[in-house]
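These notes are about the structure you will find just below.
The values are calculated or read from the model by the stated rules, or taken from the named source; none is laboratory data. Here the structure is a predicted model, which is why all the values come from computation and not from measurement. Cβ: placed from backbone, ideal geometry, glycine included. Neighbour counts: every protein chain shown. With ligands, DNA and RNA removed, areas are computed over all heavy atoms of the protein, side chains included. Shrake-Rupley method; radii C 1.70, N 1.55, O 1.52, S 1.80 Å.
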Amino acid sequence: MKNKIRKNVSLLLCGCLIISLLSGCGRQEQTEENTEPVVSENGKGREETLSYNGTMGLSASGNGAPAEDNADLNMFSFRDVYGVTYQVSFNELADVHSYDMSCLTTDGQFKSYEAPGYTSRVGIDVSKFQGDIDWQAVKEQGISYAFIRVGNRGYGKEGTLNTDGKYLQNIEGAKAAGIDVGVYFYSQAVSEEEALEEAEYVLKLLEGIELDYPVVYDAEYVIEDEARTDGVGAGQFTKNTIAFCERIEEAGYKPVIYATMKWEAYALKLHEVNEYEKWYADYEEFPQTPYDFTYWQYTNEGKLEGIEGPVDLNLEIIPIEERTGEILQGMTKEEKVAQLFIVTPDALTGNTGLKAGGEALKQALAEYPVGGVVYFSGNIETPDQTKALLKETWLDSKAAAVLPAFLAVDEEGGSVARVAGNPAMETENVGDMADIGATRDERKAYEAGKTIGEYLSKLGFNLDFAPDADVLTNPENTVVKKRSFGAEPELVSDMALAYMDGLREANVAGCLKHYPGHGATAADTHEGYAYIEKDLEQLKEADLIPFIRGIEEGVPVIMVGHISLPKVTGDEMPASLSGKMIGDILRTDLGYDGLVITDALNMGAVTKQYNSEEACILALSAGADMLLMPEDFKSAYSGVLKAVNEGRISEEALNEAVKRVIRVKLQYL
């Protein structure tokens, strides 16, 4: 079975000379001055040969032949939404993309892009013409962001500025559902002064509103109808665009430019707006513009529950390292330290068995914007109650931090099932992994992961501390006996990775545990000291194999157990606090650069030897990135922050840990 988590995909870079069927499409904007789009009846199949001339963008020869003075330039072709084919010269000064189009996938409606170093999110754009929207239903179908029209300038002679009558309702509804929000304004500015007027109009409409996504400048052609911009050339359009974007940026928002292929080729001096990200519209199978873009509007015929009629669907392609650096740069030291912790809602609020949000949770997350919240049986009562608690936690964490929190749970299946183990949740328990492993059927492990991922995702969880990747090499082991897939390293590897594929299918991050393997122990680290009497070579022959395979396949998270390995480390230090086990072996020897999280730090193997502050500092110094459930969270947070301020934990080490947290969040949240 193909592993969906594999990252070792060869890059087939799509360079700037790709030339097949580039679309010049996009919305025909409905405005108060003209609400019906006009479709060309005589353009279908007509071919024009156009070339960039530096002033008006394109020149056309009436007979379809290349203009003489551009015949030797590098040309490429595109087709617009009406089937008209154009041939244009390539703008060598404009930024180009290097996306690998073989990494674009679709499930029939939603597209995704997964290439090494990238991730993606699906979004929509809407205006008042979509009517009343059920934003919660939209969110539950996997929509992560929305561009909402705030207004437009009419394209009649008067050029009236109009407010979209649904913009506030749409912004509030999307935000309440946990959807990230940006806005767009449809421009018909004929001068820089008018573009600035439009920018001020937008800023006035946004007073008191915090955006998650950019403000988009959307200037488009008016097809086959007279418009006030008909006589405007590429030079003026470019000046208008820059004027709008500069004012928006000056006000603290991020500007983005909406463009079709025709607009890029004809209406803009694209190289003069290289600094601004592009939202590119193209309804062909692939967005084959050679020029750089961040967002791709790939259809205007999307169908979503909660929206009557068709809706534009968009794909955001995210360069993980670049975005990670931007996010990190905007974080305070206190926010960075808080992101290292995953704790229970009880620990945050001081309320045992917290089952509902409220002011206490909101204030706690504002004071401690933690990287994640983990839920146990005492927090999970009914489906509706759990959904409401997780939704409120998600929204409060979004308001408190630059990225929302991991919403985590221990849901392996079988005996470890916080959700399926509760009859009131009316959820299928997939059974013990030992039974699934005994079938030797990889597909059953995948289906188990997918089943768990689907019901967790519907509730609002995005991180599952599963599967168990322990190789059961000690028949006396009772801790993971039913939780392990078996005693054969390759079987355990195959099963665990298939299970993770199933989780990922439901957009839930999985976590291989418990490195370096709990299957050889006899004692239970929940109670106290547990050890393995093996050296490193013996570990590599069995216990480490599932983790080595997982590293090769690009697993997002590995959990380190509290197991002591005196023949490897020379002491009784738990692996979760050991620089030898994490920094030297997991990071350097095995080459893992993903997210490392400790097992719960309130377990006896840790608490009987260290207080919370000591344990957390040791774990971070050893190379861990996230700290799960220290016994005294607030003491641990203060201790880690103090250690950073005093230089005992370097800011470089802190930043590296937080970057790993951000990378996984960008891919799953």
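For the range 409-420, does any single residue satisfy the condition of being of a type in the set (Lys, Arg), farther than 30 Å from Ile662 by Cβ and either at pLDDT 95 or above or in a helix (DSSP H, G or I) (or both)?
no
Restricting the range 61-103 to residues that are modelled with pLDDT of 95 or more, of a type in the set (A, V, I, L, M, F, W, C) and open to solvent by less than 60 Å² (accessible area, probe 1.4 Å), which is nearest to Tyr283 (Cα to Cα)?
Cys103
Go through the residues of the range 171-185 one by one and say whether even a single one is touching a strand residue (DSSP E or B) at 6+ places or on another chain (Cβ under 6 Å), more than 30 Å from Thr393 (Cα to Cα) and either modelled with pLDDT of 95 or more or in a loop (DSSP other than H, G, I, E, B) (or both).
Yes - at least one qualifying residue is present in the range 171-185.
Pairs under 8 Å by beta carbon, first residue at negative phi and basic (Lys, Arg) in the range 233-256, partner at pLDDT 95 or above and not in a helix (DSSP H, G or I), six or more apart or different chains?
Every condition considered, the pairs that remain are Lys254/Tyr213; Lys254/Pro214; Lys254/Val215; Lys254/Glu277.
Can you pull out the residues in the range 169-200 that are over 29 Å from the mean Cα position of the chain (by Cα) and not small (Gly, Ala, Ser)?
Gln188, Val190, Glu192, Glu193, Glu194, Leu196, Glu197, Glu198, Glu200, listed by residue number.
Collect the residues in the range 638-652 that are part of a helix (DSSP H, G or I), free of Cβ contacts under 8 Å to residues at least 40 places away in the same chain and either in contact with a His (Cβ under 6 Å, 6 or more places away or on another chain) or open to solvent by 50 Å² or more (accessible area, probe 1.4 Å) (or both), keeping them in residue-number order.
Ser638, Lys642, Glu646, Glu652
When Pro369 is evaluated against the numbered criteria (1) surrounded by fewer than 23 Cβ atoms within 10 Å (Cβ to Cβ); (2) modelled with pLDDT of 95 or more; (3) part of a loop (DSSP other than H, G, I, E, B), which criterion, by number, is the only one it fails?
(1)
Are any of the residues in the range 259-267 surrounded by fewer than 21 Cβ atoms within 10 Å (Cβ to Cβ) and either assigned to a loop (DSSP other than H, G, I, E, B) or touching a helix residue (DSSP H, G or I) at 6+ places or on another chain (Cβ under 6 Å) (or both)? Talk me through it step by step, then tell me what you get.
Kept after step one, since they are surrounded by fewer than 21 Cβ atoms within 10 Å (Cβ to Cβ), are these residues of the range 259-267: none.
Within the range 259-267, not a single residue is surrounded by fewer than 21 Cβ atoms within 10 Å (Cβ to Cβ) and either assigned to a loop (DSSP other than H, G, I, E, B) or touching a helix residue (DSSP H, G or I) at 6+ places or on another chain (Cβ under 6 Å) (or both).
Out of everything in the range 324-362 that is touching a residue at least 60 places away in the same chain (Cβ under 8 Å) and among the hydroxyl-bearing types (Ser, Thr, Tyr), what residue ends up being surrounded by the fewest Cβ atoms within 10 Å (Cβ to Cβ)?
Going through the qualifying residues, I end up with Thr324.
Would you mind finding the one in Gly309, Gly378 that is open to solvent by 30 Å² or more (accessible area, probe 1.4 Å), assigned to a loop (DSSP other than H, G, I, E, B), touching a Lys or Arg at 6+ places or on another chain (Cβ under 9 Å) and of a type outside the set (Lys, Arg)?
On inspection, the qualifying residue turns out to be Gly309.
Whether any residue in the range 269-280 is polar (S, T, N, Q), surrounded by fewer than 19 Cβ atoms within 10 Å (Cβ to Cβ) and either touching a strand residue (DSSP E or B) at 6+ places or on another chain (Cβ under 8 Å) or modelled with pLDDT of 95 or more (or both) is what I want to check.
From the range 269-280, those polar (S, T, N, Q) are 274; that's our starting set.
Narrowing further to those that are surrounded by fewer than 19 Cβ atoms within 10 Å (Cβ to Cβ): 274.
When the remaining residues are screened for being either touching a strand residue (DSSP E or B) at 6+ places or on another chain (Cβ under 8 Å) or modelled with pLDDT of 95 or more (or both), the result is 274.
Checked the range 269-280: at least one residue is polar (S, T, N, Q), surrounded by fewer than 19 Cβ atoms within 10 Å (Cβ to Cβ) and either touching a strand residue (DSSP E or B) at 6+ places or on another chain (Cβ under 8 Å) or modelled with pLDDT of 95 or more (or both).
To keep it simple, each residue is scored yes or no on (1) closer than 22 Å to Asp584 by Cα; (2) open to solvent by 10 Å² or more (accessible area, probe 1.4 Å); (3) in contact with a Gly (Cβ under 6 Å, 6 or more places away or on another chain); (4) modelled with pLDDT of 90 or more.
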| residue | (1), (2), (3), (4) |
| --- | --- |
| Asp470 | yes, no, yes, yes |
| Val479 | no, yes, no, no |
| Ser484 | no, no, yes, yes |
| Met495 | no, no, yes, yes |
| Tyr499 | no, no, yes, yes |
| Leu503 | no, no, yes, yes |
| Ala506 | no, yes, yes, yes |
| Tyr515 | yes, no, no, yes |
| Ala523 | no, yes, no, no |
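Residue under question is Gln109, and the condition is that it be open to solvent by 50 Å² or more (accessible area, probe 1.4 Å), under 26 Å from Lys665 (Cβ atoms) and outside any strand (DSSP E or B); does it hold? Please lay out each step first, then the result.
On the way: open to solvent by 50 Å² or more (accessible area, probe 1.4 Å): yes; under 26 Å from Lys665 (Cβ atoms): yes; outside any strand (DSSP E or B): yes.
Here the answer is yes, as Gln109 does meet what is asked.
From Ile585, Ile617, which residue is surrounded by 18 or more Cβ atoms within 10 Å (Cβ to Cβ) and under 21 Å from Asp543 (Cβ atoms)?
Ile585
Yes or no, residue by residue, for (1) among the polar types (S, T, N, Q); (2) free of Cβ contacts under 8 Å to residues at least 12 places away in the same chain; (3) touching an Asp or Glu at 6+ places or on another chain (Cβ under 6 Å):
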| residue | (1), (2), (3) |
| --- | --- |
| Ser457 | yes, no, no |
| Phe461 | no, no, no |
| Phe465 | no, no, yes |
| Ala469 | no, no, no |
| Leu472 | no, no, no |
| Val492 | no, no, no |
| Asn507 | yes, no, no |
| Leu512 | no, no, no |
| His518 | no, no, yes |
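Could you tell me which residue of the range 422-438 is nearest to Glu488 (Cα to Cα), considering only residues that are touching a strand residue (DSSP E or B) at 6+ places or on another chain (Cβ under 8 Å) and not aliphatic (A, V, I, L, M)?
Gly437
Scan the range 152-163 and give yes if some residue there is surrounded by 20 or more Cβ atoms within 10 Å (Cβ to Cβ) and closer than 22 Å to Gly302 by Cα, otherwise no.
No, the range 152-163 has no match at all.
Checking the conditions here, which among Ala466, Ala445 is among the hydrophobic types (A, V, I, L, M, F, W, C), outside any helix (DSSP H, G or I) and open to solvent by less than 10 Å² (accessible area, probe 1.4 Å)?
Ala466
Have a look at Glu533, Glu552 and point out the one that is open to solvent by 20 Å² or more (accessible area, probe 1.4 Å), among the acidic types (Asp, Glu) and either within 27 Å of Phe341 (Cα to Cα) or at pLDDT 95 or above (or both).
On the way: Glu533 fails: either within 27 Å of Phe341 (Cα to Cα) or at pLDDT 95 or above (or both).
Of the residues listed, the single one that is open to solvent by 20 Å² or more (accessible area, probe 1.4 Å), among the acidic types (Asp, Glu) and either within 27 Å of Phe341 (Cα to Cα) or at pLDDT 95 or above (or both) is Glu552.
Counting just the residues of the range 289-306 that are touching a Leu at 6+ places or on another chain (Cβ under 8 Å) and part of a loop (DSSP other than H, G, I, E, B), which one comes out surrounded by the most Cβ atoms within 10 Å (Cβ to Cβ)?
Thr289
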